[in-house]
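Take a look at the structure below.
None of the figures in this text is laboratory data; all of them are computed from the coordinates on show. Predicted, not measured: the structure shown is a model, and the values here were computed from it. Don't worry about glycine lacking a Cβ; one is built from the backbone with ideal geometry, like all the others, and counts go over all protein chains shown.
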Amino acid sequence: MAAVQESKKRSRKQYTNHAAKKQRGGGGARELEVGMQGILLTCNMNQRKCTAEAYSLLNEYADKLYGPEKFTEEEEERNSDEEEKEEDDDDAEAALKKEVKQIRSSTAKKQRRFLAMESGANNVVFVRTLNIDPNKLVHHILQDLHTTKKKKSRVILRMLPVSGACKAFIEEMEKYLGPFLESWFKAPNHGTFQIAFKARNSSHAKRDEVIKVLAGLVGNMNPKNKVDLTNPEYTIIVEIIKNVCCVSVVRDYVLFRKFNLQEVVKNDREPEDLPSRVENCEEEKEESAKETESKSPRSEECSAGTPSRSPPDRRSHQAGV
């Protein structure tokens with residue numbers, strides 16, 4: 001009889017532990033998916049610290065732009081309960097009831113405006129945003145860092161907004177990016193542009209093919225759209241991770257040092273020192289050893305804008321960095 005009760009108690013504890021893990025997202029599919037918006041952050045080997053820095057930095061500036069994030073009393077109580085969970089585990093019955101209540105109420109839970117997720121690549125963190133324009137927020141952060149020259153990150157290297165995400169197959173990308181790019185490039189709108197491409201753990205779309213398609217789309221929207229690799233008005237950022245293509249169109253990509261938080265705080269006339277450049281490229285080198293697509297040294301972070309050599313189309317040939 002005692003053995004049966006012990007078995008039931010152990011089963012309940014296993015269930016509650018699994019439920020708590022799923023509630024916190026540890027056992028769920030909390031990963032980058034098609035249709036999400038957010039922010040990609042790159043780092044060197046310390047993703048946990050990168051995530052912590054991201055939460056701190058994003059919340060600091062989001063509070064200024066949108067006001068402090070508000071929580072209901074139920075959410076605050078639930079967060080407090082989660083912190084005290086270890087103390088209540090001895091009472092399996094009470095723990096079971098508490099976890100079931102939390103899971104049932106989670107559907108009505110107000111989602112946080114920032115949520116770190118698995119990106120699908122080493123040294124890359126994805127933070128999903130909710131009810132926030134990631135492009136506006138990232139530009140605001142970089143503008144402040146560029147103006148004040150105050151360093152606020154030790155681990156984060158680059159901070160890239162993700163305004164849209166689609167499947168990383170060339171047909172799907174062409175279908176999605178046509179309407180997506182119209183806000184910036186469809187007549188009467190026009191501007192100079194470049195394409196910053198990077199693929200990680202993916203062989204679905206080739207670099208030259210993607211650049212050719214994008215340059216063609218932009219050129220067809222308005223003949224006044226011109227390629228400029230020196231100081232373009234717009235940079236089309238394309239970051240492919242596994243089977244997801246993350247895209248955004250940003251301004252001041254050159255001014256803000258390719259959205260590198262370590263470089264943007266340097267004085268404008270200060271030459272980039274060699275150790276810093278080597279450190280910031282280390283992430284790309286380590287990642288490229290595991291990628292099927294990005295093994296050549298032409299990655300955007302380390303190539304400093306060297307265009308591709310293979311496409312026959314001249315516009316496509318000159319658009320990518």
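What pairs in Lys226/Lys266; Lys175/Lys242; Lys70/Lys152; Lys186/Lys226; Lys49/Lys70 have C-alpha atoms more than 22 Å from each other? Going by Cα-Cα distance, Lys226/Lys266; Lys70/Lys152; Lys49/Lys70 fall outside the 22 Å limit. Sorted fewest first by neighbouring Cβ atoms within 10 angstrom, Cys246, Cys43, Cys166 come out as Cys166, Cys43, Cys246.
With K and R counted +1 and D and E -1, the other residues having a Cβ less than 9 Å from that of Leu130 yield a net charge of +3.
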